[in-house]
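Q: Sending over a structure as C-alpha cells; questions will come in a sec.
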Amino acid sequence: MKNLLKLLVLLLALGCSKPKNNSLAIFDYKGLQPLLEKSDNITYVVNFWATWCKPCVKELPAFEKLKKEYSEKGVEVILVSLDFPNQIESSLKPFIRKEKLQSKVVVLDDPDQNNWIPKINEKWSGSIPATLIYNKDKREFFERSFTYEELEGELKKFINK
Amino acid sequence: MKAIKTIGVLALFLVTVAFTIKDGYKVGDKVEDFSLKNVDGKMVSLSDFDSAKGFIVVFTCNHCPYSKMYEDRIIALDKKYKEKGYPVIAINPNDPKASPGDDFESMMERAKSKGFTFPYLFDKGQKVYPKFGATRTPHVFILNKNKGDLKVAYIGAVDNNARNASDVSERYVETAVDELLSGKEVTNKETKAIGCSIKVQ
C-alpha cells in the first residue's frame, strides 16, 4: 500500500513536471472516437491535418483564430494530426512550439485507413485538409480548405439557432 | 412563361453539369480517352496500348509524402501487371504553381532517379483529373476493357498500409487486377486512404 502511494506520488510529480507539449496524446481510431462523438453542449471543430500538408498549415491560423474568438462561446477546436509517428518529435512538436498552437492537438496513428475514414464520414475520400464540425444535434463534414470567414460561416450554422 | 421554363431547364442542366464534374467517374462508368505529355516528351493516350486489357491509372505526384511511400510499390505493380495486360499509367494532377516540386522538369528528374517503368504524365491545365474525380495523391483507378469500352473497375488505395509495406495485409489493387485477369468481378470496388489534396490555384 505504501509502495503504491509512493508510485502514485511519483507519477503525479512526473505528470506535473512534464511540459504540455511533450504529453501529446497519440490515438488509434478507437481512442480518437470518443472525441468525435461527444454529446455535451459544446460544438466541436475537428480539423484533420499534418505538418507535411501545405494547405493544412496554411489554414491553421483560421482554426486558431476560431478557438480564440469562440472558446468562451461553447466551441472547442481539436487539431487531429496525421503526422507519421517517426515525425512527431522531429516535425510535429517543434511545429506546435514554433507556431505556439493554442488549440488541442492530438495525433491519430492508425494505419487501417480504409476502416476508419468512412466512419468519420462516408463521403470522405481521404484527402487532407478535412474538417468535421459537430454538436449533439448536428454534424457536417468538409473535405476542403477554409478561410477564417468561411469557417466562421459554417460554425455559425451550428451555434446560432 | 416559356422563358421561365427555359431558365429552369438551363439551371437544371447547369446543376447536373456541375455535379458531374465534381463527382467524376464511379465504378462501372465508361472512361474517355485523354492525351497527356509523358516525361519523355511524347504524348500518351490510352488508345496507344492496343494489347492492354485495362490500366492501373495512378494519380500521384512528386511532393506528397504518401505518393513517395508508394513509388516503389507502384513500380512493382507495373512490373508485375504490364506483361499481363494491365500497365500502370501515372498522372500528376497538381498545378505546379500551387505545388512547388510538381512541375514537369521535376517530374522528369523523379521518373529518372526512381527508374519509373511506366508513363508519368502531366495533367496540363488540370482537365483529366476532374473527369476521374480524383481528389488526392495517390489515388488509383483500375480500368478494364469490356466489349471495346474502358470501364472503371476499382477506385481507391494501393493497399492497407501506406507507411510500412511489410505490414500490408490487404493488397487492394493486386487482388482487383487478379480478379479481372481470371474473368471475375472485382469484389472490393472502393477503398479509402489518406492522401494529399490535389493542388489547384
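The values are calculated or read from the model by the stated rules, or taken from the named source; none is laboratory data. In this text, all values refer to a predicted model and were calculated from it rather than measured experimentally. Don't worry about glycine lacking a Cβ; one is built from the backbone with ideal geometry, like all the others, and counts go over all protein chains shown. These area figures cover heavy atoms from the full protein model, side chains too; ligands, DNA and RNA do not enter into them. Shrake-Rupley method; radii C 1.70, N 1.55, O 1.52, S 1.80 Å.
Q: By the gyration tensor of its Cα atoms, with a ≥ b ≥ c the square roots of the eigenvalues, what is the shape of the stretch B:158-201: rounded for a/c under 1.5, prolate for a/b over b/c, or oblate?
A: Judged from the Cα gyration tensor, the stretch B:158-201 comes out oblate (a/c at least 1.5, b/c at or above a/b).
Q: A drop of at least 40 square angstrom in accessible area, chain alone versus all protein chains together, probe 1.4 Å. Which residues of the stretch A:113-150 meet that?
A: Residues shielded by partner chains are A:GLN113, A:ASN114, A:SER125, A:SER127.
Q: Another question about this same structure. Between the stretch B:163-201 and the stretch A:126-161, how many Å separate their Cα centres?
A: The two parts, judged by their Cα centres, are 29 Å apart.
Q: Let me ask another. For a quick check of your reading of the filter: which trypsin sites (Lys or Arg not before Pro) in the stretch B:95-201 sit in a DSSP loop and have no more than 14 other Cβ atoms within 10 Å?
A: For trypsin sites (Lys or Arg not before Pro) across the stretch B:95-201 that sit outside H, G, I, E and B with at most 14 neighbouring Cβ atoms in 10 Å, the list reads B:LYS97, B:LYS127, B:LYS147, B:ARG163, B:LYS184.
Q: Which cross-chain or sequence-distant (5 or more) residues have an amide H under 5 Å from the amide H of B:ASP159, H modelled 1.01 Å from N in plane?
A: B:TYR172
Q: Right, something else. Post the alpha-carbon centroid distance, the stretch B:40-107 to the stretch A:22-62, in whole angstrom.
A: Result: 32 Å between the Cα centres.
Q: Please report the carbon-and-sulfur percent of the accessible area for the stretch B:29-197; probe 1.4 Å, protein heavy atoms only, DNA, RNA and ligands left out.
A: Ligands and nucleic acids excluded, carbon and sulfur give 48 percent.
Q: So, one more: Would you work out if the stretch A:61-161 is rounded, prolate or oblate? Take a ≥ b ≥ c from the square roots of the eigenvalues of the alpha-carbon gyration tensor; rounded if a/c is under 1.5, else prolate when a/b is larger than b/c, oblate otherwise.
A: Numbers: a/c = 2.11, a/b = 1.18, b/c = 1.79.
Judged from the Cα gyration tensor, the stretch A:61-161 comes out oblate (a/c at least 1.5, b/c at or above a/b).
Q: Rounded to two decimals, what is Rg over Rh for chain B when you use alpha-carbon atoms and the Kirkwood radius?
A: Result: Rg/Rh = 1.01.
Q: How high is the relative contact order of the stretch A:10-153, in percent, counting Cα pairs under 8 Å that sit 6 or more residues apart? Write out the running numbers ahead of the final one.
A: Numbers: 200 pairs, mean separation 49.0, N = 144.
Reported as a whole number, the value is 34 percent.
Q: Could you give the length gained by full extension between B:THR187 and B:SER51, i.e. 0.36 nm per residue of separation minus their alpha carbon distance, to one decimal place?
A: Extra length available between B:THR187 and B:SER51 comes to 46.5 nm.
Q: Can you compute 3J(HN,Hα) from phi for each residue in the stretch B:74-79, using the Karplus curve 6.51 cos²θ - 1.76 cosθ + 1.60 with θ = phi - 60°, rounded to whole Hz and x for Gly and Pro?
A: Listing the rounded values in order: 6, 4, 4, 4, 5, 4 Hz.
Q: Quick one: accessible surface of A:SER23, probe radius 1.4 Å, all protein chains present, in square angstrom to the nearest 10.
A: Using a 1.4 Å probe on the heavy atoms, I get roughly 70 Å².
Q: Distance in nm between label sites at B:LYS30 and B:GLN201, each 7 Å beyond Cα in the beta-carbon direction?
A: Calculated label separation equals 3.5 nm.
Q: How much net charge surrounds A:PRO85 when only other residues with a Cβ under 14 Å from its Cβ are counted (Lys, Arg +1; Asp, Glu -1)?
A: With Lys, Arg at +1 and Asp, Glu at -1, the net is -4.
Q: Could you work out the pair-distance distribution P(r) of the stretch A:26-75 from its alpha-carbon pairs, with 5 angstrom bin width and percents rounded to whole numbers?
A: For the stretch A:26-75, the pair-distance distribution reads 5, 16, 21, 20, 24, 12, 2.
Q: Let me ask something additional. Using only the Cα atoms of the protein assembly as shown, what are the Rg and Dmax in Å?
A: Here Rg and the maximum Cα pair distance are 23.2, 90 Å.
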